[in-house]
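Shown next, in structure tokens, is the structure this report addresses.
Rule-based calculations on the coordinates, nothing more; no lab input. This one's a predicted model, so the numbers in the text were calculated from it and none came from an experiment. Virtual Cβ from ideal backbone geometry, glycine too; neighbours counted across all protein chains shown.
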Amino acid sequence: MSKGIEILIADDSESDVELTVHALRKAKLANNIHVVGDGEQALDFLFCRGDYSRRSFTDAPHVVLLDLKMPKVDGIEVLRAVRGDPRTKAIPVVVLTSSKEQRDLIESYNLGVNAYIQKPVDFENFRQVVERIGMFWLVVNEPPPRDCFARPC
Amino acid sequence: MAQHIGADHVRAAESIPMAERYRLLIESAADYAIYVLDPKGVVASWNAGAQRLKGWSAEEIVGRNFSAFYPPEDVAAGKPELDLARAAREGAVRDESWRVRKDGSRFRASTVLTAMRSERGELLGFSKITRDLTERAKLTEKLVERTRALTEANADLDSFSSSVAHDLRAPIRQIAGFARLLAEDYSAVLDAEGRRRLSKIETGARHMGRLVDDLLALSRIGRQAVVREPVCLRALAGEVVEELSPEADGREVEWRIGDVFVARCDASLIRQVFGNLLSNALKYTRPRAPAVIEVGAETSPRGERVVFVRDNGVGFDMRYAPKLFGIFQRLHAQSEFEGTGVGLATVDRILRKHGGRIWAEAEPGHGATFRFTVEPPPAKEKP
């Protein structure tokens, strides 16, 4: 049986996703990555509904890499929904976006984001940043135990 | 000779009786309506300026009450009488309000109504001086409108350039990223020329990336407020040198950080100033061993507190100094010294936002010195 999803990437830019996944795989960091292209799908995945109704809340990803500017439901709304529900509020969420607007930073942190990273424009820096994110959340960090999601923390 | 003629004129003026001299003076004041009222407000004298401003001739108006100059609503409210009473009580009344001309048209006027009293204090009447503000008001209105339009255009331009720069980041990263992956995974199927061309794509994309990030930093400064707090500039320069030290790896660099004052300025912005100036100094001293980079303070002839950053690098020709702080302006070839031409424009913008300024001095082959202030010049002497 395959392991659960370790990283959920929510980003509508296919090219950025490909570069991100490539960097993670190259660093041998993630075998179980799932990608969604908009906020609605991200919410379906995280709340185990729609196409993902067979998922279970206790199989939460170790980290969500969340882009802010996405079609339908933007990243801030996804973050708000995740933090607003006891079944999902403990999931580590890292904003990984192009924007470094003051407003986005403030809103994300006020909603309880775990980290906020601006995608570097330089590819070498980008690759390093993605590797570090993967290394930290999948190797260094101790993920929330399953019980966290089974009943309200 | 000139003095002689001047003296003649003075003598000629002195030959005119005092009262006549005043009459001539008042008569010749074409831009001011100057006239006298009796204690009840009846017009007693009238000058050429009054005729020009208000339209009545002396024959038409002398003997009539000055309430004719007020708009009907002011007359109904008893303003003419109130003004007279107040001038009599307080000595003078200054006002800026609407007045009417003979043809009924209105104009904005600045007026002074002054009580005239005899030596014994008895009220003799009033003097009235009126100036037409219509022209000034029109100009002010135009100026306000133009300033508003200009501010708007500037803000538009700023948000346009920042959103363009912002949206360019993703495609630039993708070009650079896929070029890199191509070079890493497929270099075996490319010949030497193919690999050379690929590396050109990477170099170009990397440069474009830096350009876009520098532009974004520049436009952010435009929107960012200056938050002043006491900042030890010496410590700040020291921190920046610390950050730059990896770039100096493998080179012989002598940093001389002298005593610099504490100034009230925005620490994060002035850190960018030191960052730009010191990394420039490091870059342009690359051919030197040892490179000597100095930071210090001095007082300008105007009494301003000045910080300087001096290096013994390649310098530049002072003929090009005016271009130094312009955006995208560079004095060196990309192949010689890399750069985007945005750094010094950013520095200049930061310092001007602080009320300070920056200037430079250099000689080709003999280093450069940049001097700047982070505070407005001392109040008594304006540049």
The range A:7-139 shape via C-alpha gyration tensor axes, a/c threshold 1.5: oblate
Once the Cβ-Cβ distance between B:Glu229 and A:Gln118 is put in as r, and R0 is 30 Å, what FRET efficiency do you end up with, to the nearest 0.05? 0.70
Taking only DSSP H segments of four or more residues, each worth -39500 (n - 2.57), what value at 222 nm results for the protein assembly as shown once the sum is divided by all its residues, to the nearest 500 deg cm²/dmol? -14000 deg cm²/dmol
If you take each beta carbon of peptide A:17-23 and count the beta carbons of other chains within 10 angstrom, what is the mean? 3
Pairs of Cα atoms under 8 Å, at least six residues apart: use those to get the relative contact order of chain B, whole percent. 10
Fewest Cβ neighbours within 10 Å first, please rank B:Thr369, B:Thr346, B:Thr140 accordingly. B:Thr140, B:Thr369, B:Thr346
Evaluate the distance, in nm, between pseudo-label points positioned 7 Å from the Cα of B:Ser187 and of B:Ser110 along their respective Cα→Cβ axes. 7.6
Using only the alpha carbon atoms of chain B, find the Kirkwood hydrodynamic radius as the inverse mean reciprocal pair distance, in angstroms to one decimal. 28.0
According to a simple spin-label model (label point 7 Å from Cα along Cα-to-Cβ), what is the distance in nm between B:Arg117 and B:Ser57? 3.9
Taking the range B:82-177, which GluC sites (Glu not before Pro) meet the DSSP loop condition and have no more than 12 other C-beta atoms within 10 Å? B:Glu119, B:Glu122
For the range B:162-255, listing GluC sites (Glu not before Pro) in a DSSP loop whose Cβ sees at most 16 other Cβ atoms within 10 Å gives B:Glu252
Taking 0.36 nm per intervening residue step and subtracting the Cα-Cα distance, what contour gain separates B:Ser279 from B:Glu141 on full extension? 45.0 nm
Using Cβ contacts closer than 10 Å as the measure, can you line up A:Ile9, B:Ile257 from fewest to most? B:Ile257, A:Ile9
How much length would be gained if the chain were fully extended between B:Leu150 and B:Glu336, taking 0.36 nm per residue of separation minus their Cα-Cα distance, in nm to one decimal? 63.0 nm
List the relative contact order of chain A as a percent without decimals, with contacts defined as Cα pairs under 8 Å and 6+ residues apart. 26
Which residues make up the longest stretch of chain B that has no trypsin sites (Lys or Arg not before Pro) in a DSSP loop with at most 16 other Cβ atoms within 10 Å? B:121-227
Just to verify a number: FRET efficiency for B:Asp103 and B:Val42, C-beta to C-beta distance, R0 = 22 Å, to 0.05? 0.50
List the residue ranges in chain B for DSSP H helices whose C-alpha atoms run 20 angstrom or more along the long axis and whose Kyte-Doolittle average is -0.5 or above. B:134-186, B:267-284
Take the protein assembly as shown, compute every pairwise Cα distance, and split them into 10 Å bins from 0; I just need the percent in each bin. 3, 12, 15, 14, 13, 11, 10, 9, 7, 4, 1, 0, 0
Starting with the fewest neighbours, write out B:Trp98, B:Trp255 ranked by other beta-carbon atoms found within 10 Å of each beta-carbon. B:Trp98, B:Trp255
